[in-house]
Structures are given as structure tokens and as C-alpha cells.
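Engineer: Have a look at the structure that comes next, please.
The values are calculated or read from the model by the stated rules, or taken from the named source; none is laboratory data. Just so you know, these numbers come straight off a predicted model, no measurement behind them. Here the Cβ positions follow ideal geometry from the backbone for every residue, glycine too, while neighbour counts run over all protein chains shown. Calculation scope for accessible area: heavy atoms of the full protein, side chains included, ligands and nucleic acids excluded. Shrake-Rupley method; radii C 1.70, N 1.55, O 1.52, S 1.80 Å.
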Amino acid sequence: MKSKRVFFRYFAFALEIILLWVLQSTPKLMPEVFGSKPLLLLAAALSFSVFEEPAPAIILGAVCGALCDLSSGGTIGWFAVAMTLVCFAQAGLLGTYLNRNFITSSLLSLGSVAAVTGLYFVFFRLFAGVADCGQLFVEHYLSRIVYTYLCFFPLYLLNGFLHRRLGEGRR
């Protein structure tokens, strides 16, 4: 009985990933705030890692990151690696050292969103020598960090519901 429920939970996660990938990669489908769209797959991967063990969190983070890379640049690289690492770190910290609750999860996710997006800016914009980097960060990347973080909350609630109904009830 448990294996069927777990199968349906991961099937629901897969459908959610596909839906969010379509929402994120389709032009003019999501509203832009200050010229940037949220990284919905990053918010979803972080919400998965709140409720899952580290191994499934790594896999879900890698899949979300690979899809993010494919929709943004066409090659798998930065987002796949970064999302895999932050999902592993978040699942590991919440499973071992920190209390698994809403406040801790949301603060850890804020740091993860800021780290992934901020380091992307540093490596691919600042080091590349793009003109007016400070203005670009304030006008586009800062709003992307906030927008992605705000998208974490409904996904946290959805994935928490799925995990309680279709999982072992770990949380």
C-alpha cells in the first residue's frame, strides 16, 4: 500500500515539474515584475527538499535544474549543479541539524534562492563584464529573487499536502 502511495506522490511531483516548466518557459504566460520572471522550478525544488530525504531531493533538484538550463540557455550546466547542491544542503540540514518547520524552511529557502540567483549574476554577468552590472542587478535580479521566493510559499503548501496525503507522513 505504501509503495503505491509513494509512486503517486512522485507522479504528482513529476506533473508539477512539467506544469511549472511550461509556465516558466512560455513567453508572456507569467506576469513579469520589474522585467523578470520567477524561477518556478527553483522554488519547486526547494519545496520538494523540505519534505523529502536527501537522495530524492537531489534527484528532484537535478531534474528541475536541468529543465531550467534547457529553457534558458539550451545546455545543462549552472542551474542543474546549483539546484542539486542547494536541495542536498537544505534536505540534509533540515533532516539532521534544524527543526523541520515553516519558518526554518522559508528562511533556508530564501538563502538558497539568493545564493543560486546571486551567484548566477556574479559568474555570468559580473565576471563577463556586462555594462551597468549594479543597475542590472537591482532592476532585474533582485526582483527575480523576491518573486521566486514568494512563489515558494504556495508550492510549499501544495507539496506539504501531497507529502502528507501520499507519503509516509514524515512531517
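Engineer: Stretched out fully, how many nm does the piece from Phe8 to Arg125 gain, at 0.36 nm a residue minus the Cα gap?
Structural biologist: Details: separation 117, 0.36 × 117 = 42.12 nm, distance 4.06 nm.
Answer, rounded to one decimal: 38.1 nm.
Engineer: Suppose only helical runs count, i.e. DSSP H with n ≥ 4. What mean residue ellipticity at 222 nm does that imply for the chain under -39500 (n - 2.57) per run, divided by all residues and rounded to the nearest 500 deg cm²/dmol?
Structural biologist: On the way: 7 runs with 123 residues, N = 171.
After summing the helix terms and dividing by the residues of the chain, the value is -24500 deg cm²/dmol.
Engineer: Under a 1.4 Å probe, what is the accessible area of the chain per residue, stated in Å²? Can you show the working numbers first?
Structural biologist: Working: 8920 Å² over 171 residues.
I get 52 Å² per residue for this part.
Engineer: Taking amide H positions as placed 1.01 Å from N in the peptide plane, with prolines and chain starts having none, which residues 5 or more places from Val33, or on another chain, fall under 5 Å of its amide H?
Structural biologist: Distant-sequence amide H within range of Val33: zero hits.
Engineer: Express the carbon and sulfur contribution to the solvent-accessible surface of region 34-143 as a percent, rounded to the nearest whole number, probe 1.4 angstrom.
Structural biologist: Values: 3520 of 4920 Å².
Carbon and sulfur: 72 percent of the exposed surface of region 34-143.
Engineer: By how many degrees, between 0 and 90 and to the nearest 10, does the Cα long axis of helix 142-166 differ from the longest principal axis of the chain?
Structural biologist: Its long axis makes an angle of about 10 degrees.
Engineer: Need one number: nm distance between label points at Met30 and Leu93, each 7 Å from Cα along Cα→Cβ, rounded to one decimal.
Structural biologist: For the pair Met30/Leu93, the computed spacing is 2.2 nm.
Engineer: For the full complex of protein chains and a 1.4 angstrom probe, list Glu53, Glu16 by accessible area with the highest value first.
Structural biologist: Working: Glu53 95, Glu16 15 Å².
Greatest to least solvent exposure: Glu53, Glu16.
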